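For reference, the structure discussed in these notes is given below.
The values are calculated or read from the model by the stated rules, or taken from the named source; none is laboratory data. Small disclaimer: the values here were computed from a predicted structure and weren't measured. Quick reminder, even Gly has a Cβ in these numbers, built from the backbone with ideal geometry, and neighbours come from all protein chains shown. These area figures cover heavy atoms from the full protein model, side chains too; ligands, DNA and RNA do not enter into them. Shrake-Rupley method; radii C 1.70, N 1.55, O 1.52, S 1.80 Å.
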Amino acid sequence: GFFLFSALDPETDKQLNDLRARIREKYDNMLLCWVRALDTKGSGLCHEMTFVRMCSEVGFEGDAKALFRTLQPSRDRAFLTLKDFDSRAWSAMTRGDFRMIAEPENPIRGKKPLEMGFEERQQLSFYHQIRRALDASKRDEFSKSLSHADNDKHMVDSSEKFEELCVRKYGSMTAAWRLCLDLDANGRLTFNEFVQALRRLGYAGDYKALWKHYDMDLSGHISMQELAKAEHDRIEGFLKLLREKYGDLDAAWRFGFNKDPHDSIDIAELREACDALGYQDDVGELFKTLQPMVGRTQLTIWDMDPGCTRKRARGQVAVFTEPKSAGPKLGAKPAFGTTGEQQERQQDADARSVASGKTGASPGDVGRSPIQQMRHTLRRAYGSTAAAWRMELDPQMQGSVSRGKFLIVMENLHVSGNMKRLWEDLAMDTNGFLRAGATYRDIDPDGARVLDYFREKLLATYGGLLQAWDRCLDADALGRVDEAEFLNAIETLWESGGVAKADAMTKWGRKLFRLLCARPGQRSLTCEDLQALLIGVPASDAHAVWMGPEPVWPPEPGHVPATSSSDPGETGGLDHASPMAASGLSSFPSSPMARSGPMSPLEANRRFQEQDLIIRSVEGFKKMLVVKYGSLYSAWRRLLDGDGNGILTQTDFAKACQFLGVKDIQRLWSDLDVNGLRQITLRDVDPEVAELFAELERMLIDKYAGDTKEAWKRTFDPDNKLRCDLKDWKSGCVKLGFSGPGPDGAERLFKLLRPEPGRPYLMYEDLWVDKDPNNFKYPNLKSPKAGAGR
């Protein structure tokens with residue numbers, strides 16, 4: 001029912017038994033060998049050179065280096081621990097049993113248990129042996145022998161020995177700071193935390209003297225910069241370069257190191273990144289400083305910055321922490337009795353000192369007030385102040401944000417400075433009284449004026465925001481509007497009012513578009529994004545502003561709704577003259593009963609059913625796919641051909657239509673399956689894309705031996721950015737020899753393949769199935785013929 005290690009690897013088992021036998025001859029047991037020969041400094045680690053020297057001393061004749069590598073539990077470790085060396089010795093050491101009484105090497109010595117008497121067997125038990133050792137340690141002779149030992153030589157009682165202890169146990173002062181001293185990762189140590197850490201380390205000197213040695217500025221706390229300035233500056237210089245180029249840790253790890261969050265980097269990859277960033281310090285010392293454990297040959301994303309590690313653990317964006325400046329702060333609270341002119345002169349002097357480099361403030365903050373810095377931070381994090389207000393400050397659209405909520409958001413965004421003074425500047429009214437909450441107009445007056453002006457213009461022209469969306473902004477009923485279409489819509493709106501187009505109006509429209517976007521990088525607006533126009537509107541009026549004026553009920557005699565046709569069953573309630581009826585799509589407001597007043601249940605049910613998305617033509621079906629998935633090719637890969645076999649049966653088509661809410665399935669299938677094969681391909685849905693992409697794929701496969709991932713890397717992503725914009729796409733097509741129909745064939749194929757409207761780049765996953773998403777390096781890049789097909 002079991003087998004031994006010798007059955008798996010007899011050669012290694014023979015070498016281990018030989019080594020154990022020789023160690024027992026010289027050191028009596030494995031634990032004493034570890035303490036006296038392998039781990040003489042008490043670091044808990046043993047390196048290869050020490051292991052080889054011990055093997056030579058005991059007379060081991062085998063390959064000591066090969067045996068050391070065999071005992072290593074993983075390849076990224078350059079050392080052994082006691083548990084790796086001998087598990088029974090490690091178990092005995094945890095109990096303080098250095099004689100390994102409970103873990104004997106040879107349990108049966110001398111007489112066999114059956115040959116012993118009762119008293120002899122009792123004396124061989126662990127209890128009696130450890131009791132005899134304890135009694136011997138209490139004798140006067142044992143104490144006298146210990147008194148002759150030079151204890152002062154090994155006592156850690158100075159700052160130099162303290163730092164030596166930290167480096168010996170953790171490898172560097174940075175690792176000791178992160179793993180032992182600053183356990184809560186707040187960047188500083190109080191005296192109580194410092195004392196607790198010293199007790200954990202076993203420091204035997206004067207705690208207060210050591211505290212005064214490091215807390216020279218009498219600030220009441222110790223930072224990493226005071227403890228080990230050289231290591232602190234080395235790490236901060238590297239993190240500053242990453243912060244300036246990528247902003248957050250996830251982006252730096254994925255797009256800088258080209259690594260999956262679960263992957264790791266070695267010193268060669270770190271050196272490559274430092275050369276690309278222009279890092280001037282010693283890369284080898286930086287690698288040793290970032291190592292969480294001595295001998296580790298790999299670094300993970302968790303080893304880079306403790307502040308980012310805490311944010312990733314909480315599920316937040318891992319923005320790099322910025323070190324606090326030690327220089328004077330701009331915009332500090334003025335002293336009592338300071339006049340306004342004196343305050344202005346002091347602010348001018350602060351600005352001049354920053355420009356001359358005499359303070360710790362960054363040059364980008366010169367002349368920028370705390371409120372302006374706050375707006376800049378909100379725009380950088382959320383895209384606009386309006387998006388920040390909707391997403392974080394006032395997500396319930398109550399009209400104001402409380403002081404507590406405001407401080408929490410500022411803390412998450414790492415806005416530094418006098419928060420109390422900033423809140424007073426925002427919430428102070430004209431009479432000098434502090435209000436309970438701040439409004440969006442207090443946060444960004446210019447943005448509030450832009451939104452108010454546009455809202456009043458839409459209400460004066462169309463009566464409500466939904467009507468303005470249907471009749472002006474989204475007149476073609478595609479469900480989304482990009483920036484160019486938005487500018488054209490507001491140009492038409494202003495021309496109808498007698499205002500000619502001007503450059504200032506275009507600039508104002510772009511600013512308005514950014515305020516309406518709900519997230520950074522958003523390139524198109526939907527109807528829900530108009531909710532930004534409700535900022536500043538009282539809650540009692542928000543419904544009327546959004547829906548417009550309610551119609552009078554019951555309607556006057558002879559009144560016919562504008563959206564009703566003479567034969568509702570023929571068009572599903574659509575006006576033939578409307579652009580939506582021409583496209584085959586019906587109008588779908590956000591609320592089924594929002595545009596009408598009180599009505600009977602039957603009438604409400606009929607109107608609710610009229611809101612159904614009715615599609616009766618293939619063109620309407622294709623337009624809906626483009627609206628939902630960005631392109632027909634994206635819809636084919638993500639919905640229609642979900643299993644990736646290249647064909648679509650009638651059953652799968654019916655399931656896809658049910659998922660989309662399309663009812664007239666049989667008519668659409670008949671129009672698509674014109675040959676009656678009971679299955680369709682991408683060529684039946686979009687012949688142009690199918691022909692162009694098939695030609696492109698054929699050229700890539702022929703050139704790179706069927707490996708589309710390597711072909712993508714070499715042709716469209718040579719810089720390993722994991723994405724390809726239009727410029728790289730065109731240059732890749734030219735390199736490949738693909739032109740397509742017409743002078744802009746490559747650009748047209750780029751637009752037909754992108755999965756989102758307005759997205760400026762393509763990724764490998766948008767075109768093919770990525771069978772190995774963790775492979776960001778794309779191996780075998782030296783030979784274009786290497787690799788297997790994907």
**Item:** Surrounding net charge for A460, when Lys and Arg each add one and Asp and Glu each subtract one, Cβ distance under 14 Å
**Value:** +1
**Message:** My understanding is that a pair violates if its Cα-Cα distance is over 29 Å; which of K41/K229; K65/K169; K240/K288; K41/K65; K245/K713; K405/K507 do that in this structure?
**Reply:** K405/K507
**Complete:** If amide H atoms are modeled at 1.01 Å from N in the peptide plane, then the residues at a separation of 5 or more from L525, or on another chain, having amide H under 5 Å from its own are V481, D482
**Message:** Heavy atoms of the protein only, probe of 1.4 Å, neighbouring chains included. What is the accessible area of H221 in Å², nearest 10?
**Reply:** 50 Å²
**Complete:** Quick calc, A251 & E747: beta-carbon distance into FRET formula, R0 30 Å, rounding 0.05, result 0.60
**Item:** R0 of 60 Å, Cβ-Cβ distance M699-K212: FRET efficiency to nearest 0.05
**Value:** 0.25
**Request:** Calculate the length of the line joining the C-alpha centroid of the stretch 615-681 to that of the stretch 209-256, in whole Å.
**Result:** 56 Å
**Item:** Local electrostatic count at E57 - Lys and Arg +1, Asp and Glu -1, tallied over other residues with Cβ under 10 Å
**Value:** +3
**Asked** Carbon-plus-sulfur fraction of the accessible area of the stretch 23-92, 1.4 Å probe, in percent?
**Response** 45 percent
**Message:** Out of the total accessible area of the stretch 631-762 (probe 1.4 Å, heavy atoms of protein only), what percent is carbon and sulfur?
**Reply:** 49 percent
**Complete:** Counting sequence-distant residues (5 or more places) and residues on other chains, those with an amide H built under 5 Å from that of K721 are none
**Request:** In whole Hz, with x marking every Gly and Pro, tabulate ³J(HN,Hα) for the stretch 28-42 from phi via Karplus 6.51 cos²θ - 1.76 cosθ + 1.60, θ = phi - 60°.
**Result:** 6, 8, 5, 5, 5, 5, 5, 6, 8, 10, 9, 10, 6, 8, x
**Request:** Output ³J(HN,Hα) for the stretch 618-625: one whole-Hz value per residue in order, computed from phi by the Karplus curve 6.51 cos²θ - 1.76 cosθ + 1.60 with θ = phi - 60°, and x for Gly and Pro.
**Result:** 5, 5, x, 5, 5, 5, 5, 5
**Fill in**
Under the 7 Å Cα-to-Cβ spin-label approximation, N645 and M49 lie apart by a distance in nanometres of 6.4 nm
**Request:** Quote the accessible area belonging to K730 in square angstrom, nearest 10, computed with a 1.4 Å probe and with ligands, DNA and RNA left uncounted.
**Result:** 80 Å²
**Message:** Using protein chains only and a probe of 1.4 angstrom, how many square angstrom of K169 are accessible, to the nearest 10?
**Reply:** 90 Å²
**Request:** Collect residues whose amide H, placed 1.01 Å from N in the peptide plane, falls under 5 Å from the amide H of C517; neighbours closer than 5 in sequence don't count.
**Result:** none
**Prompt:** Can you give the accessible area per residue of the stretch 406-466, in Å², using a 1.4 Å probe?
**Reply:** 50 Å²
**Item:** Accessible solvent surface per residue of the stretch 609-724, calculated while the other protein chains remain in place, 1.4 angstrom probe, Å²
**Value:** 48 Å²
**Calculated from backbone phi, Karplus (6.51, -1.76, 1.60) coupling profile of the stretch 370-383 in Hz, x at Gly/Pro** = x, 5, 5, 5, 5, 4, 4, 5, 5, 5, 5, 7, 10, x
**Prompt:** Among 62-69, 623-630, what's the highest-first ranking by average C-beta atoms within 10 angstrom per residue?
**Reply:** 623-630, 62-69
**Request:** Just add up the charged neighbours of R168: K/R +1, D/E -1, any other residue whose Cβ is under 13 Å from the Cβ of R168.
**Result:** -1
**Fill in**
Given a 1.4 Å probe, the accessible area of the stretch 1-74 per residue, as a whole number of Å², is 60 Å²
